[in-house]
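Worksheet: one structure, shown below.
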Amino acid sequence: MTATAPREGQLWSRCGGCATLLYRKRLRRNLDVCPECGTHARLDAPERLLQLVDAGSFAALADRPAEVDPIGFVDLLPYPHRLSAARAGTGLAEAVVCGTATVGGHPCALAVMDFRFLGGSLGCAVGELITRAAERALEDGIALVLVTASGGARMQEGALSLMQMATVSQAIAALREAGLLTVSVLTDPTYGGVAASFATNTDVVLAEKGARMGFAGPRVIRQVTGRALPEGFQTADFLLRHGQVDMVVPRHALRGRLAALLAAARAGGRRAARPGVPRQEPSPVVARPAGGAAAVTGPGGDAWETVRLARHPGRPTTLDYLETAFDGFVELHGDRLGADCPAVVGGLARLDGRPVMVIGHQKGHTTAELVSRNFGMASPAGHRKALRLMRLAARLGLPVVTLVDTPGADPGVSAEEQGQAAAIAENILALTVLPTPVVAVITGEGGSGGALALAVADRVLMLQHAVYSVISPEGCAAILWPDRGAAPEAARALRLTAPDLCRLGVVDDVVPEPAPAAHQDPEAAARALRAAVLAHLLPLLDVPAATLVRRRRQRFRRFGAARLGARAGAR
Ligand SMILES: [Zn+2]
């Protein structure tokens, strides 16, 4: 059971930790921490701000989210109904409150998430609002503080919500470059896409006492591993023990710690805001006139059927493509930190005579192969190996080609212990600033954050029968429908096919497969992949690195931007 902060009007409330009946005023005076057992009740965003910033110093950003439903998502209820209910229930426009304030007299920009609002889920508007808070920090030359509370990406916005992990990460990257401090405060709970991006790729990560953070939630991990979870798994103290957070801070000390960090950064840096960093005026998401997409939208394109084709064991793997579409592959191994993940392969190869770095998920065709490759589910070591190879490519001036085929990142116990969320987060951030061309191809399954960790690219291509999704149809069905049997319906609602994603601008081009699908004619599939990668890579080779990175950022920025109304009172 999780304690919740008491509501106005109640005289007494029961502690979620020790079940003691507590006088509400006393509890509030104690910052909603149980005086008997120390349980920290969850706070909503307004209450958190009251506790954290100097009285009267908070000024909300003027940006307001507009009504959005980018993929027309319907489960048992249409998404707009859920949004309206969340707004009515919380009095908030979205799952985050952003603004500027001072903490101990030090100015900062803040984004505070509210778990009451659709589980604090990261949708396009939330990503855009946090990005604008980060941009405000950049303009004003002040620190950014993120207080996270989230179940992960918002599945009702499909792959567009996944893109927000990249959008916010690149805003954090810009603050890194400017020498401005970023701090995240993990509060209970912080999971999924939020954990695997801005909650963990900030300079300093604080965990509030009792908070839990992880890439995969405990329910999913128990389902996948069939094991009971260790005592205290994913709690703040666990995270500290495993090197994933800088400190565990009890609520009453949070403001003081934050003030000290802000003071140190100010004294050290004294960096003025970079003059002339204009806000990028976002270009709206427009349906791309992709000839490829239109050409391959054929009959029988049911989303669930596509999911089955994308998972077909005969489908060519990354090593197959390295054999057939590339030449002279030299595999490089290891993360240099103690492991070599078999679910990620990478190394130097040639594409039509040009040297490239290829990195991809590796599945297999037989059960034994699949098991030995962990079904293409990368561990933190796999993500760190990929990161090492990306950076090596940039140093050598080689373009990067990634081949994405994973049901998702490894949701195991040891993956969590070794920092799965932060490993994914760091890859996403690194790719937003990598000074070399990157072309990603979703070849089979593009599963959530694990896929995005290799897919923040200048061009994102997708094989005709591949899928790319914020959550598996089964996982989505288990949460939003009465049972997992609704997976085919969930697959349709999620808009996870190549033509759908092309229309949404998530994918730039669809690579046609030989009929009926790639597994029937792997050679022809390899030829198509090779031609598509070449066609998209060649024009990138002469683009200066700074321009590439700027365009890549614009590419990922546009997903949230169109989802906001006109900026009221722009300064
Ligand atoms: Zn208690």
Inset, instruction - Please work out which residue is nearest to C108 (Cα to Cα), limiting yourself to region 48-68 and to residues that are open to solvent by less than 50 Å² (accessible area, probe 1.4 Å) and under 24 Å from the mean Cα position of the chain (by Cα). - result: L61
Inset, instruction - Report, ordered by the first and then the second residue, all pairs with beta carbons closer than 7 Å, sequence separation of six or more or different chains, a first member in region 20-46 that is touching a residue at least 60 places away in the same chain (Cβ under 8 Å) and among the charged types (D, E, K, R), and a second member that is near the ligand (Cβ under 10 Å from one of its atoms) and in a loop (DSSP other than H, G, I, E, B). - result: D32/A41; R42/A3
Inset, instruction - Consider V433 carefully, then state whether it is within 18 Å of the chain's Cα centre (by Cα) and surrounded by fewer than 24 Cβ atoms within 10 Å (Cβ to Cβ). - result: yes
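Check region 116-126 and report whether any residue there is without any contact (Cβ under 8 Å) to a residue 12 or more places away in the chain and in a loop (DSSP other than H, G, I, E, B).
Checked against the condition, which is being without any contact (Cβ under 8 Å) to a residue 12 or more places away in the chain and in a loop (DSSP other than H, G, I, E, B), region 116-126 yields no hits at all.
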Legend entry - Failed item, numbered, when A386 is tested on (1) assigned to a helix (DSSP H, G or I); (2) modelled with pLDDT under 95: (2)
Legend entry - Checklist (1) open to solvent by 70 Å² or more (accessible area, probe 1.4 Å); (2) closer than 23 Å to E416 by Cβ applied to A378, failing item: (1)
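If you check T182 against the conditions, is it within 13 Å of the chain's Cα centre (by Cα), buried (at least 24 other Cβ atoms within 10 Å of the Cβ) and either polar (S, T, N, Q) or farther than 30 Å from R492 by Cβ (or both)?
Details: within 13 Å of the chain's Cα centre (by Cα): no; buried (at least 24 other Cβ atoms within 10 Å of the Cβ): yes; either polar (S, T, N, Q) or farther than 30 Å from R492 by Cβ (or both): yes.
Here the answer is no, as T182 does not meet what is asked.
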Inset, instruction - Identify, by number, the condition in (1) under 23 Å from L463 (Cα atoms); (2) at pLDDT 95 or above that R354 doesn't meet. - result: (2)
Inset, instruction - Mind listing whichever residues of region 25-47 are surrounded by 19 or more Cβ atoms within 10 Å (Cβ to Cβ) and in contact with an Asp or Glu (Cβ under 8 Å, 6 or more places away or on another chain)? - result: D32, H40, A41, R42, L43, D44, A45
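Going by the conditions given, is A368 under 22 Å from the mean Cα position of the chain (by Cα), farther than 23 Å from A531 by Cα and not aromatic (F, W, Y)?
On the way: under 22 Å from the mean Cα position of the chain (by Cα): no; farther than 23 Å from A531 by Cα: yes; not aromatic (F, W, Y): yes.
No; evaluated as a whole, the condition is false for this residue.
Could you tell me which of the residues A425, A440, A490 is open to solvent by less than 10 Å² (accessible area, probe 1.4 Å) and under 29 Å from D75 (Cα atoms)? Lay out the reasoning, then the answer.
Working: A425 fails: under 29 Å from D75 (Cα atoms); A440 fails: under 29 Å from D75 (Cα atoms).
Criteria check complete, one pass: A490.
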Inset, instruction - Could you look through region 6-54, keep only residues that are closer than 19 Å to R255 by Cα and part of a strand (DSSP E or B), and pick out the one that is farthest from the ligand (Cβ to nearest atom)? - result: R42
Inset, instruction - State which residue is nearest to the chain's Cα centre (by Cα) when the search covers only region 448-459 and only residues that are of a type outside the set (D, E, K, R) and assigned to a loop (DSSP other than H, G, I, E, B). - result: A453
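Name the one entry in R227, R271, R288 that is surrounded by 15 or more Cβ atoms within 10 Å (Cβ to Cβ), among the basic types (K, R) and modelled with pLDDT under 90.
Values: R227 fails: surrounded by 15 or more Cβ atoms within 10 Å (Cβ to Cβ); R271 fails: surrounded by 15 or more Cβ atoms within 10 Å (Cβ to Cβ).
Answer to the selection: R288.
The values are calculated or read from the model by the stated rules, or taken from the named source; none is laboratory data. A quick note: this is a predicted structure, and the numbers were derived from the prediction, not measured. Glycine gets a Cβ as well: all are built from the backbone with ideal geometry, and neighbour counts include every protein chain shown. Protein only, heavy atoms only, side chains kept; ligands, DNA and RNA dropped before computing areas. Shrake-Rupley method; radii C 1.70, N 1.55, O 1.52, S 1.80 Å.
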